[in-house]
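Single-structure report; data block below.
Taken together, the values in this text are just the output of simple stated rules run on the coordinates, not laboratory data. Here the structure is a predicted model, which means the values were calculated and not measured. Don't worry about glycine lacking a Cβ; one is built from the backbone with ideal geometry, like all the others, and counts go over all protein chains shown.
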Amino acid sequence: MILLVLFVFISVSEASNIDGKPPSHGTFNNLTKTREFIDKSLLIEYILKSRRHIYIAAPPGFGKSTNLQMLKEFFALEVDSSGNFIDPAKILKTEEDFQSPREEVKISASTSTERGTFITDTKGQCVYVNVSKPNGSFGHPLRNYDTFSQLKIHKKSPKLFKAQLARYPVLLVNYESLSTKSFQDYVRSFRLMISKLFDPFSYLLKRNVLTQGSKDEFSLFHDLKLNKELCLDEIILGGERLVHLLSIYHDRKSIILVDNFDVPIRKALLASHLDEESFRRIMWSTSQFVELLIKSRFVSRIVVTGNLRINVTEGLAHISILENEQLFRYYGLTEGDISILARRFDKQINITDVKNWYGGYTVTRECHNLCNTRSTLSYFGTGELKLYRNESHKFENLKKIFNHKSMRRNVQNNTRTTLDTGKKIEQSHLEHLRLAIFNPKQTLTISDKDLILQILLDHGFYSVKDKNRLYVPNIEAMLDIKKLL
């Protein structure tokens, strides 16, 4: 039995119904100043060298949102109070003039800082401002330079750092803000999400770079009084229209970051108050928003993150952190990371105890093990080995299914529980599973059972060994499964 191996530890702590929300530091810059910070900044280099459009799948609590915030703060271009682009190439060149002579760095063509690298097909008027760093000034003209210049990305890839810092308009969208209380609430929350997406770019209206028609289009999506007239089919165009306007203004392409892609789909899947058509429309609209951006010639890169490996659209490469020999380094915590944290928190810890409670997530091929970042940091904060994650509460509507003997056996039995983990989850399979969950006359198929196991795997209840065999990775996951059943 999968469960039997770890039952002996349950008496240590049944505590905590904490939802496991990540600690809020406001910005990535603030996080770097805390004891909790572990430098994963070389993810920036990985992103630039990987496929243009990727979906990164990882269990909850492994640092997905933090890493997206890091990417945003590194790549996002800056403007002054008048909406003028602050050109990092000129600032960093001025810095070199002030410092002692050193060998001039020649940027390779692949990371060129020349403006031609970013020009799109749009004939816009790109607005620049020449900002030099004056003697005796406090702070750096580039808001995030001081943060990232202290990290591995600067130390190990200085050419890339100089060529890519503060170069792009960046759109960060968090699908967790989308409501599934009703379909009407979902549409309203989508309108609000799009309005907030436009917020940081209000400077586009300050100058006469955009035509009046383009400014009106900006206001149509940004102004809540105006965008409430837009239907779902229209409001999902907001991202694609914004990158077009940004391209006209800056003569450069945007980077798109989408966090928690699967959250509204998972919530809608298990929402008995939604009908089948509403569920399909939610899946379609979340995917269509991304697909339009993938097809846009005004987009440089897209990084989508989520727990479930949902097949979104063609052109989006899926990568699991637990199945990639490079990507795993930038998510979760390694044994080395835990040793660093122990020194910072001045704790005498048994690393084996920490791994038994929060680790055991195996990385394919490399045979490395990762610990859940959020739970491990919670432990360092409280000093208590106990349950911090609470994923089971998300799946209350599956409890009836778990009462079926065959399904319960699949969840518990590690001698027979195997799964083809390489497949993406098709949206049509989610529709079929939803029918089985809420229709008492519908019987669970083998595909339905495998899909449930896949969902639980993607949410960190299990890990995988021997390519396709499921196992419970740690005590915390064990306690969460107990609550689930």
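Okay, here's what the table says:
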{"quantity": "Calculated FRET efficiency for the pair residue 33/residue 408, C-beta based, R₀ 51 Å, to 0.05", "calculated": "0.60"}
{"quantity": "For residue 302, residues with placed amide H under 5 Å, excluding near neighbours", "calculated": "53, 54, 256"}
{"quantity": "Ranked by how many other beta carbons lie within 10 Å on average, peptides 63-72, 460-469 from highest", "calculated": "63-72, 460-469"}
{"quantity": "In order through segment 255-261: 3J(HN,Hα) via Karplus (6.51 cos²θ - 1.76 cosθ + 1.60), integer Hz, x for Gly, Pro", "calculated": "9, 10, 10, 10, 9, 6, 3"}
{"quantity": "Greater than 29 Å apart at Cα, pairs in 49/253; 49/386; 355/483; 162/467; 295/424", "calculated": "49/386; 162/467"}
{"quantity": "Amide proton proximity set for residue 42, modelled H, under 5 Å, gap of 5+", "calculated": "153"}
{"quantity": "Förster radius 22 Å - calculated FRET efficiency between residue 446 and residue 52, Cβ distance, rounded to 0.05", "calculated": "0.05"}
{"quantity": "Cβ crowding within 10 Å averaged over residues, with 37-45, 291-299 ranked highest first", "calculated": "37-45, 291-299"}
{"quantity": "Calculated from backbone phi, Karplus (6.51, -1.76, 1.60) coupling profile of segment 74-81 in Hz, x at Gly/Pro", "calculated": "6, 7, 5, 5, 10, 10, 8, 5"}
{"quantity": "Using θ = phi - 60° and Karplus 6.51 cos²θ - 1.76 cosθ + 1.60, couplings along segment 26-37 (whole Hz; Gly, Pro as x)", "calculated": "x, 9, 5, 4, 5, 4, 5, 8, 9, 5, 6, 6"}
{"quantity": "Most to least packed among 300-310, 423-433 [average Cβ atoms within 10 Å]", "calculated": "300-310, 423-433"}
{"quantity": "Relative contact order of segment 333-408, pairs being alpha-carbon contacts under 8 Å that are 6 or more residues apart, as %", "calculated": "24"}
{"quantity": "Amide hydrogen neighbours beyond the local backbone of residue 361, cut-off 5 Å, H modeled", "calculated": "370"}
